[in-house]
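Below is one structure, written out as structure tokens; comments come after it.
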Amino acid sequence: MAPNEGAASVEADAKTAKSGFWSRIVQFVRQVIAELKKVVWPTRDELTTFFVVVIVFVLAMMAFSGVIDVLTAWVVSKVFGG
């Protein structure tokens, strides 16, 4: 880090601390907008594919959990004579 670089950082922090509440809010919103412009949004086809994959996965996990539940209940009823 260059000697002047640290001083510039401290000076920038001091200016930010002195700035008003609303100017910090505006700066935050501008930074959020700038970051959102960097986002690579999925296409409609990608979104549809991801949606279908998630739904199929959730349904598979529900079926798996249901089978495990039924088998566990059956084993418990046989062991404890229910």
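Once ligands and nucleic acids are excluded and a 1.4 Å probe is used, how much of Ser23 is accessible, expressed in Å² to the nearest 10?
So the heavy atoms of Ser23 present about 60 Å² to solvent.
Using a 1.4 angstrom probe with every protein chain in place, what is the largest-first accessible-area order of Lys37, Lys78?
Accessible-area ranking of Lys37, Lys78, largest first: Lys37, Lys78.
The values are calculated or read from the model by the stated rules, or taken from the named source; none is laboratory data. Please read these numbers as outputs of a predicted model, since none were measured by experiment. The accessibility values were calculated without ligands, DNA or RNA, using every heavy atom of the protein model including side chains. Shrake-Rupley method; radii C 1.70, N 1.55, O 1.52, S 1.80 Å.
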